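The values are calculated or read from the model by the stated rules, or taken from the named source; none is laboratory data. Quantities reported herein were computed from a predicted structural model and do not represent experimental measurements. Positions of Cβ are backbone-derived with ideal geometry, glycine not excepted, and every protein chain shown enters the neighbour counts.
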Amino acid sequence: MKKFIVLLYITVATLLFGYAKAEGNDTRPNPAYGLKKSNTVIDFPVQLERVTVKFIGDKAEISWSTLAEKNSKQFEVQRSTDGENYKTIAIVFTLEDSNEIKHYSFKDELKGVKTKKLLYRIKLVDTVEGYTYSKTVTPA
């Protein structure tokens with residue numbers, strides 16, 4: 001029942017706010033966290049502090065913090081087993097500006113994952129569909 005409610009929430013939020021499709025081809029993280037629109041890079045309105053991943057039992061916990069957020073729409077947690085192809089495994093909606101430190105986390109249940117060689121990154125999406133990637137991190 002809990003999974004159904006989460007799925008329903010994601011569906012409704014997607015219909016209301018739209019969905020930014022994960023770009024599987026561009027896997028290069030932007031170390032300057034610049035906003036990517038076409039071929040132009042400008043400052044991104046989210047100041048990302050850190051991204052960490054650690055194994056807790058049979059799950060991977062991805063945590064990240066922001067120092068400030070402006071016009072932020074969502075964070076997409078992406079996972080890769082080869083460092084080339086990334087898959088969005090979770091979407092965390094923000095839609096609230098903030099000048100305070102905010103902490104986020106997601107537990108990846110690793111269902112269907114046969115390898116422990118995992119890479120994660122966060123795709124930051126703003127309200128005008130611009131996006132950028134965090135640095136890629138591996139579980140500690």
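A few notes on this one:
- Total residues in the range 107-140, condition in a strand (DSSP E or B) and of a type in the set (Ser, Thr, Tyr): 4
- Tabulated pairs, the range 84-109, first over 20 Å from Glu129 (Cβ atoms), second outside any strand (DSSP E or B), C-beta under 7 angstrom, 6+ apart or interchain: Glu84/Thr27; Asn85/Gly24
- Residues located in the range 73-89, provided they are within 13 Å of Ile122 (Cα to Cα) and out of contact with any helix residue (DSSP H, G or I) (no Cβ under 9 Å at 6 or more places or on another chain): Phe75, Glu76, Val77, Gln78, Arg79, Ser80, Tyr86, Lys87, Thr88, Ile89
- Only residues that are modelled with pLDDT of 95 or more and either surrounded by 13 or more Cβ atoms within 10 Å (Cβ to Cβ) or assigned to a strand (DSSP E or B) (or both) were counted in the range 82-98, giving 7.
- Taken over the range 122-135, the criterion of being out of contact with any Lys or Arg (no Cβ under 6 Å at 6 or more places or on another chain), modelled with pLDDT of 90 or more and either surrounded by fewer than 20 Cβ atoms within 10 Å (Cβ to Cβ) or among the β-branched types (Val, Ile, Thr) (or both) is satisfied by Ile122, Lys135.
- When residues of the range 32-72 are limited to those that are part of a loop (DSSP other than H, G, I, E, B), out of contact with any Lys or Arg (no Cβ under 7 Å at 6 or more places or on another chain) and modelled with pLDDT of 55 or more, the one surrounded by the most Cβ atoms within 10 Å (Cβ to Cβ): Phe44
- Matching residues in the range 102-116 - criterion: being touching a Ser or Thr at 6+ places or on another chain (Cβ under 6 Å) and at pLDDT 90 or above: Lys102, His103, Ser105
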